[in-house]
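Have a look at the structure below before the remarks.
The values are calculated or read from the model by the stated rules, or taken from the named source; none is laboratory data. Note that this is a predicted model, so its numbers are computed, not measured. Positions of Cβ are backbone-derived with ideal geometry, glycine not excepted, and every protein chain shown enters the neighbour counts. SASA here: full protein model, heavy atoms, side chains in, ligands and nucleic acids out. Shrake-Rupley method; radii C 1.70, N 1.55, O 1.52, S 1.80 Å.
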Amino acid sequence: MNQGAAGRQASLERTGLSHAQVAEHIAAGQVNDQGRQPTRTVSQILVANIATRFNAILGGLFVVIAIVGPLQDGLFGLVLIANSGVGIVQELRAKRTLDRLTVLNAPTAAVLRDGVVRQIPAAEVVLDDVVELQSGDQVVVDGLVLSSGGLEVDESLLSGEADPVVKQLGGDVLSGSFVVAGSGRIRATAVGPASYAAKLSDQARSYSPARSEIRNAINLLLKWISWLLVPVGVLLVFRQLQSGQTVDAALRGSVAGLVGMVPEGLVLLTSVAMAVGVVRLAARRVLVQDLPAIEGLARVDVVCCDKTGTLTQGSMHVVSVIKVGTDASAEGEAEAALGALAAAEPRPNATMRALADGFADPGWDPSQVVAFSSARKWSAASYDGKGTWLIGSPDTILAAALRDGRGAGAGQGNGHGIMDQAASLAGEGYRVLLLARADGNGEQLGILAGAHADGQTSLRDGAQSFLAGTKPVALVTLQERLRPDAQATLDYFASQGVSVRVLSGDHPATVAAIARRLGLHSADAGAGHVLDARELPQDADELAAAVRDATVIGRVTPQQKRAIVGALQGHGHVVAMTGDGVNDVLALKACDVGIAMGSGTPASRGVARLVLLDDAFATLPRVVADGRRVIGNVDRVSRLFLTKTAYALLIALAVAIAAVPYPFYPRHLTIISTLSIGLPAFFLALAPNADRVSPGFLARALRFAIPAGIMIAAASFGAFLTIRSLGFGLGSARTSATIVAVAMSLVVLAALARPLAGWRGLMVLALGSVFAGLFALPWLRDQLAIVVLPAHLVALSVGIAASGSVLLLLAWLVSRLIATRNS
């Protein structure tokens, strides 16, 4: 590097980019804007709701009716316009809501510019910016390390490697990773689409499968229906012309058959329900970052959560300092060391903040610092003339000394005695830390802190060697404050059959004690309900068996959290995970529904599908209830649409085989669809529904819709043929078929709307009354092509509908029995 370049590099490290340099990079397009919107643009929403396959089909059929007439048979065109309009309005509403919340949750970065560190949106970072990193930060650009204070980065989301990587001066840092310990500064070397994470995301989007069972099933059904429309349409026209009808009449009958087969409101219903769900969740200050998460919420039967920040408030206070060990320390030195360690932590967590509140900073100047890491479970600092001090999990710190044979004489008998004492305190609900010292180990600590560029010792081996030479000084007990709403939340989940699993890095006894205080009664030591993660097997099958009944698992590492989530999923559970720290990121990414706290680390918010912006654990029951309501109602109401598709297809085939006129005009099918599907579907889609949605959407829908379609097709087509055989005209026969189809469709609606007490029953009666009222006005009868039948034909039509309904109920019963036997 020449002298000029070296000077520019030194200036960059000292002051960062200037305002003019930033402007140059922006003008050159060297900005960290990924070019992707969190939601679809307005034009994309318009195209997605207008330029659809079925809009094109129905639009073409409307043109046919406009040519051959009468226009009353083109009423389905109004439904087409209404469907698209409602879909556009709802999605625009959801877009505005999501965009507003996304701004609140947008990732930020600390950059050094003109000598001042400032927080800016991650999308505004430019090439060559100096970015400051702290524990919990997500790396938003690729960069070169300019300085490192024990900087450790977890790259598991990119590489799959579980161990954190110590970053030395001059090392590379990749976007998409996150900082688990220490701090440092990097120079941005790749931003925006050129960054590693952006390229990886593009590849992932190209090959990742859809995660919504309902959406996949609906798309599959629509594909099948699309392929059937053309051959059925051609067959209908040909056979009706053979029956002696005019070309216009044959075309009208064919249009009626094809319109009936199209579930035009099914996609709209799904998108509107999702959009309404997004808006309702947003009203509860919940940001939905991935729409399929709403479906996942409806299926959740296990909620995994951390203790800190979820069951507890995340704040704590020091209760006691209990001297242990034989290491001679000056009076008050332990308290001074605690104050010094808290002051040395570059980004203190709740524990370190409690120590800082409880003990004054003695002013010791640290020469080396290893920041706290959830994977390591301890932090340390070396001070000239004061030695090296560390604080963390008693089990972790003492384990190396005990394995190394140095546990004898380690206070109160030996190291095992201290561990027993710590376990006893933890069983009383305290968080217990061990303060220890390691005289003369400053050089080892320096290697661990990444201070030596040539230090190649692995993090794990170096840490074990360092811990083996430590001497215990004191046990520190702290107590957490419980969330006032935690018990009510746990009670809700228990009432809904959703099991709660607490995964924590703390001692199992501590976590279990807090869980019991909150009424999680299965958090006892018996029946495998409380486990120590250090004793869990590595094998996936053995792990799944071990955690099957566990309620509390303590001493969990981030990698184990992910493995436990996977083990539960392997048992068929749908798992939601709540978290707020870097130790939760892997599990949040792996679970079915990751839920991050709004005040959590950028890394946890970045990978979660939902973000609780108000940090309220008590919001979760309402979030789950909203997910169940949306997807449960879509699951239920979709059967109405598929029933209509089934009977329309069967009637079309029957007409083609019998070579008779189609038993409905298009306007008749509009009446049937509006009264038995369109209007009630939107009421039912937004109704309360607390039932958990189980997998198997397509099988359930077809098991319901196929018997219903067969019976309605047989009854209405049978009524049509019967009236014709009695010598009555086409108008009477089509009216009779319409009466049968409406009556049986309302029976299907009543079966899906149960329980019928209250507004649901009134809705079914009102729809039946509206249909009866259509016969009261002569002008309306003429427009809808229905006639007033003689009393005996009305009785015959009603009798056929009643008989068909009884057979339908029996068919459903047989279908359920077969499904139960095969399950």
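Across the options 438, 714, 698, the greatest Cα extent toward the positive end of the charge dipole of the chain (unit charges at beta carbon of Lys, Arg, Asp, Glu) belongs to 714.
For segment 549-594, with all protein chains in place and a probe radius of 1.4 Å, 45% of the accessible heavy-atom surface sits on carbon or sulfur. Counting DSSP beta bridges with both partners in the chain, what percentage is antiparallel, nearest 5? Given both bridge residues lie in the chain, the antiparallel proportion sits at roughly 75 percent. For the pair residue 19 and residue 78, the difference between a 0.36 nm per residue extended length and the Cα-Cα distance amounts to 15.6 nm. Among 789, 276, 164, pick out the residue whose Cα is farthest towards the positive end of the charge dipole of the chain, where Lys and Arg carry +1 and Asp and Glu carry -1 on C-beta, about the Cα centre. Sorting the options by dipole projection puts first 789. A 1.4 Å probe over all protein chains sorts 196, 430 by accessible area into 196, 430, starting with the largest.
For the pair residue 783 and residue 535, label points projected 7 Å from Cα toward Cβ lie 7.7 nm apart. Rounded to the nearest 20, the Cβ-based charge dipole of the chain about its Cα centre (Lys and Arg +1, Asp and Glu -1) stands at 3920 debye. Assign one of three labels to segment 474-622, namely rounded, prolate or oblate, based on the Cα gyration tensor with a ≥ b ≥ c the square roots of its eigenvalues; rounded applies when a/c is under 1.5, prolate when it is not and a/b is larger than b/c, and oblate otherwise. Rounded, because the longest to shortest axis ratio a/c is under 1.5. Annotation: per residue accessible area for the chain equals 41 Å², rounded to a whole number [probe 1.4 Å, protein chains only].
Roughly how many percent of the accessible protein surface of segment 215-322 is carbon and sulfur, given a 1.4 Å probe and a whole-percent answer? Don't skip to the end; give the middle numbers.
On the way: 2400 of 3680 Å².
With neighbouring chains kept in place, the figure for segment 215-322 is 65 percent.
Think of the chain as having a plus end and a minus end, set by charges on the Cβ of Lys, Arg, Asp and Glu; of 253, 313, 86, 253 sits farthest toward the positive end of this dipole. Here the accessible area of segment 630-770 is 73 percent carbon and sulfur, with a 1.4 angstrom probe and all protein chains present. Cross-link reach is defined here as a Cα-Cα straight distance under 16 Å, omitting same-chain residues fewer than 8 places apart; for residue 323 the lysines meeting it are 471.
Would you mind calculating the gained length between residue 725 and residue 230 on full extension (0.36 nm times residue separation, minus the Cα-Cα distance), in nm to one decimal? All intermediate terms of the calculation are to be shown ahead of the outcome.
Values: separation 495, 0.36 × 495 = 178.20 nm, distance 3.09 nm.
Here the answer is 175.1 nm.
Separation of the alpha carbons by more than 32 angstrom is noted, of 589/644; 167/307; 167/386, for 589/644.
Please give the FRET efficiency for residue 496 paired with residue 71, using the beta carbon to beta carbon distance and R0 = 45 Å, rounded to the nearest 0.05.
The value I calculate is 0.30.
Both radii were evaluated on the Cα set of segment 761-811; the Rg over Rh quotient, with Rh as the Kirkwood radius, amounts to 1.06. The helix-only estimate of mean residue ellipticity at 222 nm for the chain, built from DSSP H runs of length n ≥ 4 each weighted as -39500 (n - 2.57), is -17500 deg cm²/dmol after division by the residue total. Considering the values [x] 27.5, 89; [y] 33.9, 113; [z] 31.3, 100, which represents Rg and Dmax of the Cα atoms in Å as calculated for the structure under consideration? Read-out taken from this structure: [y]. Length gained on full extension, residue 820 to residue 683: 46.3 nm, using 0.36 nm per residue less the C-alpha separation.
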